[in-house]
Amino acid sequence: MSLTKWFQIIFIMSQSKMGVSAKEVSRLVGVKYQTAWYACHRVRCAMIDNELRLEGMVEFDEAYIGGKKRKLKKSDANKAVLSTITNKRGRGTSKVPIVGSVEKKGRVYVKIIEKLTGRNLLLMLKKIVKTDESIVFTDEFKSYKSFDNVVEHITINHSEGYGKGVRTVNTIEGFWSILKNGIKGNYRSLSKKYLPFYLVEFSFKYNNRFLESDPFTTILSNAVKEDKCFIYYKPKCDTKHIVYGSGRCKQ
């Protein structure tokens, strides 16, 4: 694929606030669907920010992405068509738990966490939040209780409303709405295996919405870094290792 077409794909993805499907990219750029699909994931790799640390007033919340299963002989990671997002806690096999952390009027970080235990949530908190410079707001989910010993932690009672003033989790609820609309509008056949890349895309666009630098330039800059994320075409390994781990994934 020519460098010009790469630039076109990067520009299209950087300017599409709610996402754009590989099928649409294929039509706009004039390449095969498989080529567009792979190129889009390579661009999402350049959207990963491994240096992000949140601070100030930070909200934590979890949501579930799920949908109907396709009757195909594929791995479990590819069976579920993830087309809906809900805040209701559930243990259905087609639901994928995701946890979001967001600064009020600031940046967001979203991650798949298979088991929402206190230990796993605490590991995410320590990795992504400057605990000595932050106040963390959550709902009453018992696993968030583990935050009490490492950060100033304020619990919001949903039964009494979403809270008043700064004592809310409305910011992350707003991000869930953006994610929900984007998935339903553009990614109707999204599988669990590649979900981490789409979460990266929506987080990147949310975090760059008020910055003076152009997202197109930021993506290009990230793409040429030596430690950039890399993905083979349809890798066999767990793609979470690419987004959250070492950055490379062998066939």
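One table, with the values for the structure above:
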{"read-out": "Sequence-distant aspartates and glutamates (8 or more away, or on other chains) whose Cα lies within less than 12 Å of Lys17", "value": "Glu201"}
{"read-out": "For Met47, distant residues with modelled amide H under 5 Å away", "value": "none"}
{"read-out": "For Ile135, residues with placed amide H under 5 Å, excluding near neighbours", "value": "Gly56, Met57, Val58"}
{"read-out": "Karplus (6.51, -1.76, 1.60) ³J(HN,Hα), θ = phi - 60°, over region 123-133, in Hz, Gly and Pro reported as x", "value": "4, 5, 4, 5, 6, 10, 10, 7, 5, 7, 10"}
{"read-out": "Cross-link partners of Lys192 among aspartates and glutamates (Cα-Cα below 13 Å; sequence separation of 8 or more within a chain)", "value": "Asp76, Glu114, Asp238"}
{"read-out": "Pairs beyond 28 Å (Cα-Cα), from Lys145/Lys184; Lys115/Lys180; Lys105/Lys127", "value": "Lys145/Lys184"}
{"read-out": "Order of Leu3, Leu121 - criterion: other Cβ atoms within 10 Å of each residue's Cβ, fewest first", "value": "Leu3, Leu121"}
{"read-out": "Cut-off under 5 Å, modelled amide H: who pairs with Val96 long-range", "value": "Ile65, Gly66"}
{"read-out": "Estimated vicinal HN-Hα couplings, Hz - region 100-114 in sequence order (Karplus 6.51, -1.76, 1.60; Gly, Pro = x)", "value": "x, 10, 9, 6, 5, 6, x, 9, 10, 9, 10, 8, 6, 10, 4"}
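Computed from the coordinates by the stated procedures, all read-outs in this text should not be read as laboratory data. Just so you know, these numbers come straight off a predicted model, no measurement behind them. Cβ sites come from the backbone with ideal geometry, for glycine too, and all protein chains shown count toward neighbours.
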